[in-house]
Amino acid sequence: MTTSASAELLRLDSIRKSYRKTEGDEHLVLDGVALAVGEGEIVALLGRSGSGKSTLLRIISGLVAPGGGTVSYGGKPVTGPVEGVAMVFQTFALMPWLTVLENVELGLLARRVPAAERRRRALEAIDLIGLDGFESAFPKELSGGMRQRVGFARALVVEPDLLLMDEPFSALDVLTAETLRTDLIELWIERRIPTRGIILVSHNIEESVLLADRIVILGSSPGRIVAEVPVHLPHPRDREAPAFRKLVDDVYALMTERPRGVTRPEGVPLGHRLPDASVSRLTGLIDALAREPYRGRADLPEIADDQGLSVDHLFPLLEALEILGFARVEAGDVELTPSGKSFAEADILRQKEIFAEHLVRRVSLAAHIRRVLDERPGNRAPEERFLRELEDYLSEDEAQRVLRVVIEWGRNAEIFAYDESAGVLSLENPVEGEE
Amino acid sequence: MQPLTTDDNFRGKLTTPNAWDLAAFFLVMGIIALLAWGSREMALPYVPGKTVPSLSPDPWHLPYYALRTVIRMGAALCLSLAFTLTYATLAAKNRRLGPILVPALDILQSVPILGFLSVTVTGFISLFPGSLLGVEAASIFVIFTSQAWNMAFSFYQSLKTVPRDLGEAATIFGLSPWKRFWRVEAPFGVPPLIWNIMMSVSGGWFFVVASEAITVGKTSVTLPGVGSYMALAIHRQDLGAIGWALATMALVIFLYDQLFFRPLVAWAEKFRVELTESGAPPESWLLTIFTRTRLMGRLLHLVGTLPAQLAERFTRPRRIRRRSRRPIRPEIQRTIDLAWNAIFALAALYGLWKLATFVSVIPLHEVLSVFGLGLATLARVTVLLALASLLWVPVGVRIGLNPRWATRVQPVAQFLAAFPANLFFPVVVVLIVHFRLNPEIWTAPLMILGTQWYILFNVIAGASAIPNDLREAATNLGLSGWELWRRLLLPGIFPSLVTGLVTASGGTWNASIVAEMVSWGPTTLTATGLGSAIARWTEQGDYPHIILGIAVMSIFVVCLNRLFWRRLYLLAQTRYRLD
């Protein structure tokens, strides 16, 4: 196999995808994505949640039609599920009522394969992936790792040219995931599978560096390609090797880089997509950053590893810290601001005060809610009122998510109260926060 | 780990029958022969107006009568299943029919079951002139109506909630719609459907019994069966015969449970989507026998995979179809939609007009008085549900918190829920007549005689599902007495209690038609209410009034469901969910 991309397997041109919002308004998920995957290449699509990476994979597979642009596979346009493309799912997607063998045969069922040959090929695939002896077991008898092996066997049995993987290792524990990754890369290197290209969707930076020949980094809202990083390390790759660590650092830096022209947020406008970050996690991260060995400044891969946080969890926290003015992220490092440091040193009551102060000052939505409640007779307002305002900027789902986040922050800071069953925001028992 | 090897039986090994095969063979063939013999009798000649064939009060005939009852139930079940698979699939998949089919199901669910009998029996008789088959059909239809709507609704819900990843996998691997249905969607719906069938059949016994002996105007029909035997016994005031009928019914339900449902539920376990093994799986001795047999096991496997096999034989294997993305022009699409909606609107208007002309012979004040009767029945139903809850919630919670008791009492409660309560009516009526009690009050308990058990066994299930750590925490905090009930036990069982009450409420409305007017020999006791009114009009063959009565009862039930039960249900699903 040549590691250099010789022939082209797949080409995406200016892919756009949006979901219809209310009354013709559209929420853009992907914009202007162009990508080519060559023969013999493993490409990792890396991005935070909300970067549209899973949507992009579904467009490539033909499950979802793009809103604009073209997908061509082997020179022909893709308009639906394509023979020669198989997919491995994050949730395994095994039929619980079929045995391992029947699940694997499922991939051949729709093709012109006679029953006897179907059986033979399925058994071969089961052999290959190391599931020998489990042919007649049902998925619920297997461990997570074994189930994902069935998922791999089912995809490989159709001898796909292009293998798509949607975060296939993220539902597994660390050890199991590592074994499965190693097994897969061995099959690939030794060319025991006829697959000619692999696209892997991941939110795990180390995993991408470990497996891929090229890492494509997607930025958020709307999702677009912000950087491509080639990986020239030979397999098997050593996680501790300096070159490996350097690449991981680089990718972290690229993923936290702001597009040029965007200044550091000094407070965010009403319709800003607040990141999913719970107050207890934020507090935990600030505390960790303030302690030894970081003392206010940390390398991103290090702190992520230390806190057991994946990119999907770490980045929203970082973004929230920046919005609230508790930390700054630069060149793959995170550094606490003076207010971040005093937050870490304060006791619980004082922490609430600091948090409330920063929240009202820097998050317009929180300040707005507080103001409306102050002005309203009875100091109460239904959440729909704010939801409707947010929907001027965001999709319905996104508006709901953002409101959920700000309510969590606001309740914790005690600048307002919330009755979930009634869906009403009020100033009922906020102890602090009087201006 | 040694994997289970059900599949190894079929891989080219010589399958010589073993002793289990012999036992299973006789069991199966015996049942088939019995059914054939019983159903041959179903098409006897019959002329309307006469009560042929006459029933014998001799208890020795009871096994045969029971067989006839069972066949009716079986036939209705097959019809319901066929209906479920087609109706629910259309409702879930057809963009144009779906919006009308789903609410239609909701309305059908609230029409009193016995109302269907009153309305359709003469039609069915004229459909098969000179044969008893028409009456059989009417009876089977009634049982069908007591099962089909629930089952279709359950299956529709399943089709709508097939996990996204399973659907995507099916698409990626290019399964045709037919294969997709049998390999992915239908299996996913099996466990809830089986549970629903079990509940429906247990409700269905009530209606078999009620539909075997019925009088509509000049038409008085008696079908051989346990229900009609009971009617005869009531007529002759023969307490011994009543005892025999009760015993026979008990035996029939027991056998149905052991030979039919237990194997079915145990088998359905494999279709559960949760990928973790939970608790003790349901077991069935019969299924164990069958899986131990070689030949029968093979046969069973064949039957089980038949749909998939057929699918492969008769659908040409082909390359993955490239979905044509040539959407119909939006304006044409909109015109077609408009046309459809217009057709639905016209049909609805026609229905309204038909109803109005049919009922218009009844003066308005009488229509209003029918609503008054509805209020009377509503009052009874409400009071009864409250009383039954007061009685069974404490009992059910006590039982549910004790696992040993729960496993023993639960099957008994389910059995009692299945037992047709109308068979017990004569016993109660004898007491009312003997003590000269007021029928307005004392016939009321009959309505809930059969349906109270739904409350009991749901409460038991709810109480035994309260997590142990919550109970330990409550004990640790020293909660006891009323505080314990208020803070833990009542909120803990709330979702189950609501489920039980919804089922019981529906059943009680249905039962009102037979329970508000009961007889013992020449004596007839009547309580004022919508149920007794419908029963009386049915006897008189007064169709406009029957339709009016049914419509009013449906309105009551629909309003109750929408305004009350659904809200409670939502509350149970959000605030009181334990997981």
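A few remarks follow.
- For B:Lys179, the aspartates and glutamates whose Cα comes closer than 16 Å to its Cα, not counting residues fewer than 8 places off in the same chain, are A:Glu102, A:Glu105, B:Glu168, B:Glu312.
- Taking every alpha-carbon pair under 8 Å whose residues sit at least 6 apart, region A:8-256 reaches a relative contact order of 26 percent.
- Taking 0.36 nm per residue of separation and subtracting the current Cα-Cα distance, fully stretching the chain between A:Ala367 and A:Asp238 would add 41.5 nm.
- For B:Ala386 and B:Gln573, a Förster radius of 22 Å and the Cβ-Cβ distance give a FRET efficiency of 0.45, rounded to the nearest 0.05.
- Taking a ≥ b ≥ c as the square roots of the eigenvalues of the alpha-carbon gyration tensor, region A:8-256 is classed oblate because a/c is 1.5 or more while a/b is no larger than b/c.
- The simple spin-label model puts a point 7 Å past each Cα toward its Cβ; for B:Thr161 and A:Ala115 those points are separated by 3.5 nm.
- Relative packing of A:59-65, A:41-47, which averages over residues the other C-beta atoms within 10 Å, highest first: A:41-47, A:59-65
- Point-to-point label distance, B:Ala379-A:Glu228, nm (Cα→Cβ direction, 7 Å offset): 8.1
- Residues of region A:360-403 with amide N under 20 Å of a point placed 7 Å along Cα→Cβ from A:Gln307: A:363
- Multiplying the residue separation of B:Leu338 and B:Trp60 by 0.36 nm and removing their Cα-Cα distance gives an extension gain of 93.8 nm.
- Straightening the chain between A:Arg411 and A:Ser339 buys 23.8 nm, computed as 0.36 nm per residue apart minus the Cα-Cα spacing.
- If both residues of a DSSP beta bridge must be in the protein assembly as shown, then about 65% of such bridges are antiparallel.
- Across region B:103-149, the relative contact order, built from alpha-carbon pairs under 8 Å that are at least six residues apart, equals 42 percent.
- Using C-alpha pairs below 8 Å separated by at least 6 residues, the relative contact order for chain A is 14 percent.
- Once the Cβ-Cβ distance of A:Val64 and A:Asp374 is raised to the sixth power relative to R0 = 45 Å, the FRET efficiency obtained is 0.50.
- Unsatisfied cross-links (Cα-Cα over 30 Å) in the set A:Lys17/B:Lys160; A:Lys17/A:Lys352; A:Lys17/A:Lys76: A:Lys17/A:Lys352
- Of A:Lys341, A:Lys246, A:Lys53, the one that fluctuates the most in a GNM where chain A has Cα springs shorter than 10 Å: A:Lys246
- Alpha carbon centroid spacing (whole Å) that separates region A:28-58 from region A:138-170: 21
- B:Arg96 versus B:Thr475: modelled label distance in nm, points set 7 Å from Cα along the beta carbon direction: 6.3
Coordinate-derived values only; no laboratory data. Just so it is clear, the model here is predicted, and its values are computed rather than measured. A quick note on method: Cβ atoms are made from the backbone with ideal geometry, for glycine too, and the neighbour counts reach across all protein chains shown.
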